[in-house]
1. Name the residues whose placed amide hydrogens come within less than 5 Å of the amide hydrogen of Ser143, ignoring near sequence neighbours (fewer than 5 apart) on the same chain.
2. If I take R0 = 41 Å and measure r between the Cβ atoms of Asn163 and Asp117 in this structure, what FRET efficiency does the formula 1/(1 + (r/R0)^6) give, to the nearest 0.05?
3. Could you pull out every residue, at least 5 positions away or on a different chain, whose amide H is within less than 5 Å of the one on Tyr121? Hs are placed 1.01 Å off N in the peptide plane, and Pro or chain starts have none.
4. What is the P(r) of segment 301-364, as percent of Cα-Cα pairs per 10 Å bin from 0?
5. Report, by chain and number, residues whose modeled amide H sits under 5 Å from the one on Lys58, excluding near sequence neighbours (fewer than 5 apart, same chain).
6. Can you tell me the FRET efficiency between Phe330 and Ser360 if r is taken as the Cβ-Cβ distance and R0 is 30 Å, rounded to the nearest 0.05?
7. Set the Förster radius R0 to 35 Å, insert the Cβ-Cβ distance between Asn409 and Lys79 as r into 1/(1 + (r/R0)^6), and round the FRET efficiency to 0.05.
8. Expressed in nm to one decimal, what extension gain is obtained for the pair Thr416 and Asn297 from 0.36 nm per residue of sequence separation less their Cα-Cα distance?
Amino acid sequence: MTARALTLALTMGVAFTSSSAFAATELQWWHAMNGANNEVVEELAKEFNASQSDYVIKPVFKGTYPETLNAGIAAFRAKQTPAIIQVFDVGTGVMMGASGAIKPVAEVLEQGGYKFDKSQYLPGIVNYYSKPDGTMLSFPYNSSSPILYYNKDTFQKAGLDANNPPKTWDEVFAAARKIKESGAAPCGYTSTWLTWIHLENFAAWNNVSYASGENGLAGGKVELAIDAPIYVDHFQAIADLAKEGVFRYGGRTSEAKQLFLSGECGILTESSGGLGDVVKSGMNYGIGQLPYDTKGNNAPQNTTPGGASLWVFGGKSDAEYKGIAQFFNFLSQTDIQSRLHQKSGYLPVTLAAYEATKASGFYEKNPGRETPISQMMGKAPTENSKGVRLVNLPQVRDIENEEFEAMLNGSQDAKTALTKAKQRADAAIASATR
């Protein structure tokens, strides 16, 4: 190599090293958002990336909520974790149990130079994602509450009042039968997330126990209470509707939403976070509160947060944590939270965003959109309605779903399904906490 060529090569090497030193730090964000909510994720990432030049948030879709959690567990074992992972509410106990794998978001924010003040966040949400001492473990990105959606055109065809959604489960089941019998739609009612809506939030909303020890939040030996008569009666009603063809089962997570969006079913219970796809469909829809059981204890009580939060893995560099803190601070801004809430149907994480949305007249122009917030904040939580915290709740849900599916295909009645689900889940909980 000539002296000139060597000089040129060295110069290029220095230039390359210099440009690499100033390259933006990439922060992968694994998530489970699809459809309209994935569009929001991509939009937020692009907006943050354009706001500064030091960090690049890279969203990576990892499938359903359970699939994303499993991907995170596998990544931790392989020592190839992303910076941020979205974990659904039932994975909270799993993540809390993996204390060495995660870094509390409160510490991340403080390390990044931001003061964390939990009083700025909606109490029911921040408390669910915090340790008993108040330390917030994860950032509550997309918290939701289960609500009722209904097709107004289908209601009108069935001779139902399109401006008066059913408020109790008996009213829902009666309306669903009328929709089916009138021929207004092939199916009267469907629901996503049977375990979250019809067990965990059913318990909270009706102020009945889901499990001992304040549904697992108080610690100690935990046993489920889902074989109580109020649950048996509720699920037998659903099993009867399924036998009549009035209720249609879509799947264990959010699959049933498509049965509603296609017009196949006239009524849907689903996360408030499903709103984006409902709006995008162009349907003439209405929103109602989550139905309650007239046999509940002074129901309705309060719902508990669903959706997901953002967890930060441990073992990252100071630069990465600084970037994550900056991103979370960006997500906490009032205008960002207000827009996220208004576009997606998820709850605003901060009180300021809620007040700003209310002051803008948004709820007056969009009837029903305040419903998921008022459901969660209407009453002070009781020992039955603070939420559910089990170290292996995803496994418990799988057990419950297996028994429900056997019930819905006619293999067993509701009492048998719930008795078996309790016995199997209790054994799984005991094994996981030994």
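1. For Ser143, the qualifying residues are Ala308, Leu347.
2. It comes to 0.50.
3. Leu351
4. 18, 40, 28, 11, 2
5. Leu27, Gln28, Trp29
6. 0.90
7. 0.25
8. Stretched fully, the Thr416-Asn297 segment lengthens by 40.4 nm.
The values are calculated or read from the model by the stated rules, or taken from the named source; none is laboratory data. In this text the structure is predicted, and so the values were computed from the model without any measurement. All Cβ positions, even for glycine, are placed from backbone atoms using ideal geometry, and neighbour counts span all protein chains on display. Surface areas here come from the heavy atoms of the whole protein model, side chains and all, with no ligands, DNA or RNA. Shrake-Rupley method; radii C 1.70, N 1.55, O 1.52, S 1.80 Å.
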